[in-house]
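Note sheet for the following structure.
The values are calculated or read from the model by the stated rules, or taken from the named source; none is laboratory data. Keep in mind it's a predicted model, so treat the numbers as computed, not measured. A quick note on method: Cβ atoms are made from the backbone with ideal geometry, for glycine too, and the neighbour counts reach across all protein chains shown. Only protein heavy atoms, including side chains, enter the accessible area calculation; ligands, DNA and RNA are left aside. Shrake-Rupley method; radii C 1.70, N 1.55, O 1.52, S 1.80 Å.
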Amino acid sequence: NRRKKKDDNILDIPSIPNPFPELCCSPFASVLSASLLPKAAPRKKQVIKVYSEDDTSRALEVPSDITARDVCQLLILKNHYIDDHSWTLFEQLNHTGLGRAIEDHELVMEVQSNWVMEEENKLYFRKNYAKYEFFKNPLSFFPDHMISFPSETNAAVSHSGLLQMFLSSSTYPEIHGYLHAKEQGKKSWKKLYFLLRRSGLYFSTKGTSKEPRHLQFFCEFSNSDMYMSLTGKKISGAPTNYGFCFKPNKSGGTRDLKQLCADDEQSRTCWMTAIRLLKYGMQLYQNYMQPYQGRSGCSPLNLTPMRSISENSLVAMDFSGHRSRIIENPTEALSVAVEEGLAWRRRGCLRLNSHGSPIATSNMGMSIHRSQSWFHHKISREEAQRLILQHGLVDGVFLVRDSQSNPKTFVLSLSHGLKIKHFQIVPLEDDGKLFYTLDDGHTRFTDLIQLVEFYQLNKGVLPCKLKHYCARIAL
């Protein structure tokens with residue numbers, strides 16, 4: 001009772017206002033000023049320079065923890081490009097003639113931290129249609145003669161079954177075949193039988209023997225990155241143009257490179273794809289299934305999808321009647337396209353004649369293709385192959401260029417079956433009119449634009465439709 005009486009007397013005392021409320025702390029509500037709380041460390045920002053195919057560049061101020069996919073998304077938004085999930089950041093080491101596509105989840109600053117100051121290395125922003133193509137059609141990336149499955153697995157492996165084996169932590173297919181390896185500290189190359197297993201890359205010291213006593217360790221991938229040779233035989237003296245190598249993250253120079261060389265593009269693609277899956281595994285599949293998970297937390301599910309041009313969205317349409325219709329007959333589509341082209345040409349001639357430009361009228365059909373993104377003026381066969389290789393050896397990647405052997409003709413360079421094929425476009429004159437053809441005049445077009453649009457819809461004499469064009473973008 002005495003304690004209760006004492007507490008009642010204390011409650012009767014009027015409270016004195018505190019002149020420094022920010023210095024006290026109430027048990028019911030915190031009155032600490034926000035200015036007195038420790039501030040979170042601001043995210044450091046750095047400037048990176050990114051180049052495009054035409055060697056224009058753009059400087060970007062980005063956070064130090066930005067990923068390659070974030071940089072691509074930033075450039076897509078700034079340049080108003082269509083995001084078809086094929087844009088990639090490419091690392092090019094000019095001094096050694098090496099390059100690689102940086103994975104979407106990799107930190108850009110960590111990539112640059114491995115660069116040597118004296119070397120003029122560059123980051124490129126470009127398309128790479130083959131980045132995740134092996135998830136769509138894995139059987140074409142792994143030929144039967146190069147892959148072996150565990151003994152408990154059935155001989156016939158399905159499309160999804162092959163992917164599950166590569167992404168599984170318990171089973172992993174064995175990749176095997178011959179590769180040329182550059183001997184350490186020497187200029188000579190030696191052809192050896194290699195095997196790729198979960199523990200790393202090995203070569204056999206006795207023919208094609210897979211016995212443990214004959215296998216010698218060559219390389220593991222956790223502390224190194226895989227690069228493709230961009231210069232072929234020039235710098236390394238490789239026996240073929242299908243080279244790739246492993247470069248340690250903290251490399252001291254070219255002496256630390258472990259260089260290999262395949263006999264053909266299919267073999268190199270198989271080895272490099274399998275090593276990517278072995279190194280990154282499920283992370284690659286997550287990058288493929290969720291192309292963009294940016295800093296704002298947005299995902300493709302809550303973004304408005306942007307339309308991209310593909311073979312499924314290109315159809316021939318007829319708008320001459322009261323209602324539009326899809327033209328499914330290729331012969332009818334061709335005749336409509338030719339009529340439309342001639343009508344467009346006549347309208348163009350009338351417009352030019354009204355302004356008094358007869359010279360421009362006669363040359364209009366000869367130069368209209370120069371403004372198209374898929375046309376490359378006066379580039380060599382080797383340059384065309386390099387451009388297509390950079391964009392990815394996916395069926396349907398193409399470009400049109402001037403022919404070097406015949407100045408009046410053009411060449412369609414097309415990727416199919418992991419090979420680059422070249423088709424000559426020949427001009428024909430009939431009744432004073434100029435046409436272009438790929439099949440000795442059986443199918444004729446008034447200009448190259450009509451030709452390309454037709455083969456985007458119809459395979460014709462080509463091994464596949466034209467799907468993705470190589471363009472020199474500008475930043």
Report summary line: Net charge (Lys, Arg +1; Asp, Glu -1) of residues whose beta-carbon lies under 9 Å from that of PRO239, PRO239 excluded, is +1
Requested in this report: Could you please report the charge total around GLN404, scoring K, R as +1 and D, E as -1 over all other residues with beta-carbon less than 10 angstrom from its beta-carbon?
Outcome: +2
Query raised in the report: Under a plain spin-label model, where a point goes 7 Å from the Cα along Cα-to-Cβ, how far apart in nm are ASP440 and SER199?
Result: 6.0
**Report entry** Solvent-accessible area, 1.4 Å probe, carbon plus sulfur percent, for the stretch 369-469
**Finding:** 45
Requested in this report: Describe numerically, in nm with one decimal, the distance between label points set 7 Å from Cα along Cα→Cβ at ASP54 and at LEU139.
Outcome: 4.3
Report task. Run the quick spin-label model on GLU211 and ASP263: label points 7 Å from Cα toward the beta carbon, then report their separation in nm to one decimal. Result -> 2.5
Query raised in the report: Taking R0 as 41 Å, what's the FRET efficiency between GLU118 and GLN372 from their Cβ-Cβ distance, rounded to 0.05?
Result: 0.50
Report summary line: Taking a label point 7 Å from the Cα of ILE326 along Cα-to-Cβ, the residues of the stretch 453-475 whose backbone nitrogen sits under 19 Å from it are 453-460, 465-467
Report summary line: Note, LEU179: beta-carbon cut-off 12 Å, +1 each Lys/Arg, -1 each Asp/Glu, net +3
Query raised in the report: What's the extension gain from GLN46 to ASP402 if we count 0.36 nm per residue and subtract their Cα-Cα distance?
Result: 123.9 nm
Report task. Starting from the Cα gyration tensor of the stretch 99-232, take the square roots of the eigenvalues, sort them a ≥ b ≥ c, and report rounded, prolate or oblate (rounded when a/c is under 1.5, otherwise prolate if a/b is larger than b/c, else oblate). Result -> oblate
Query raised in the report: In terms of the Cα gyration tensor, with a ≥ b ≥ c the square roots of its eigenvalues, is the stretch 164-215 rounded because a/c is under 1.5, prolate because a/b exceeds b/c, or oblate?
Result: prolate
